[in-house]
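Undergrad: Below is a structure I'd like to ask you about.
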Amino acid sequence: MTYQNLLCDVTDGVATVTINRPDKLNALDAATIGELEACLGLLAADPGVRVVVLTGAGPKAFVAGADIAELATLDAAGAQQLARRGQALMDRIEHLGKPVIAAVNGFALGGGCELALACSFRWAAETAKLGLPETGLGLIPGYGGTQRLARLVGRGRALEMILRGNMVTAAEAHTMGLVNRVLPAGELGAAVAHVAREIAARSQLTLRCALEAIDGGLATDLAAGMRLEAGLFGVVASSDDGHEGCRAFLEKRPPRFTDR
Ligand code: COA
């Protein structure tokens, strides 16, 4: 499938989706959101896709936010509808059932920061800047930012970032746990591709259960999370891949996973 505002490449089980509106710093307009919905639907359903990488085109931006030109004239109903659609897209990413890695190659602001937050984890270029600047526009984040940022970095840091609407450097984002790793800009793509391939070599069943245990557990209380973990541990430990992985360790050989 070809897209107007996305590039999508699948190599060795890793799908790299590049948001491709560099002249608008890859801002998420309605057309791009529609293409992301369609593309992620296809990638979710494709058993050949084991890991997804999200990044932005050009040297400057991951995604510089929702398209401000489309925000300027919204009424309450339209704005709510826009927020629900953006939230649904971010939820789709969080619950894709496959790891989604954000390669934050530049500005990740507003909806771009929210897109990165919905991913399983984030690696960033040294030159990247992240932030939720909506209060400066007389708005608040509407694609999950108020919820996911506080859960990831804590209430105090989230409140400071959202109330100030400032950008943080990649190094500052790393210190607060917003990104997991910072790399020289020229090395980010290759480093993310490498880790994506590494994860893609694991059992799909195992990855899906790990994602479900962590994200499902965070959505509930500790006791319910423990029950969820035990149930999923039962699934993986009794699976072909669980048996194969343990047998391979004991036989001192690499495992041959079949995703069952
Ligand atoms: N929505 C729509 N267009 C955007 C955009 C956005 N979120 N972010 C950048 N653009 C556009 C600019 O309008 C400009 O378009 P033009 O060339 O047609 O005038 C182009 O992208 C380049 O941006 P520019 O502002 O000239 O680049 P810069 O290097 O001077 O500044 C930023 C970079 C990221 C600091 C600045 O673009 C910015 O603040 N963007 C908005 C970020 C934001 O508030 N996001 C949250 C939205 S809810």
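Undergrad: Hey, which of the strands (runs of 3 or more DSSP E) in the stretch 98-149, taking only ones fully inside, have at least 2 residues that are within 10 Å of the chain's Cα centre (by Cα) and more than 13 Å from the ligand (Cβ to nearest atom)?
TA: So the answer is 100-104, 121-125.
For (1) exposed (fewer than 15 other Cβ atoms within 10 Å of the Cβ); (2) more than 21 Å from ALA200 (Cα to Cα), each residue gets a yes or a no:
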{"position": "GLN4", "(1), (2)": "yes, yes"}
{"position": "VAL14", "(1), (2)": "no, no"}
{"position": "VAL17", "(1), (2)": "no, no"}
{"position": "LEU25", "(1), (2)": "no, yes"}
{"position": "ASP29", "(1), (2)": "no, yes"}
{"position": "ILE33", "(1), (2)": "no, yes"}
{"position": "ALA38", "(1), (2)": "yes, yes"}
{"position": "LEU43", "(1), (2)": "no, no"}
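Undergrad: Looking at the stretch 62-82 only, could you name the residues that are of a type in the set (A, V, I, L, M, F, W, C) and within 14 Å of the ligand (Cβ to nearest atom)?
TA: Residues satisfying the conditions are PHE62, VAL63, ALA64, ALA66, ILE68, ALA69, LEU71, ALA72, LEU74, ALA79, LEU82.
Undergrad: Can you tell me which residues in the stretch 16-61 are among the hydroxyl-bearing types (Ser, Thr, Tyr), under 14 Å from GLN4 (Cβ atoms) and away from the ligand (no atom under 16 Å from the Cβ)?
TA: THR18
Undergrad: Scan the stretch 160-181 residue by residue and report those that are open to solvent by less than 70 Å² (accessible area, probe 1.4 Å) and in a helix (DSSP H, G or I).
TA: MET161, ILE162, ALA170, ALA171, ALA173
Undergrad: Please specify each residue of the stretch 85-97 satisfying the condition of being of a type outside the set (S, T, N, Q) and either more than 17 Å from GLU37 (Cα to Cα) or within 16 Å of the ligand (Cβ to nearest atom) (or both).
TA: Matches in the stretch 85-97: ARG85, GLY86, LEU89, MET90.
The values are calculated or read from the model by the stated rules, or taken from the named source; none is laboratory data. Since the model is a prediction, treat every value here as computed from it, not as a measurement. Glycine also receives a Cβ, built like all others from the backbone with ideal geometry; neighbour counts cover every protein chain displayed. Accessible surface is based on the protein model in full, side chains and every heavy atom, while ligands, DNA and RNA are left aside. Shrake-Rupley method; radii C 1.70, N 1.55, O 1.52, S 1.80 Å.
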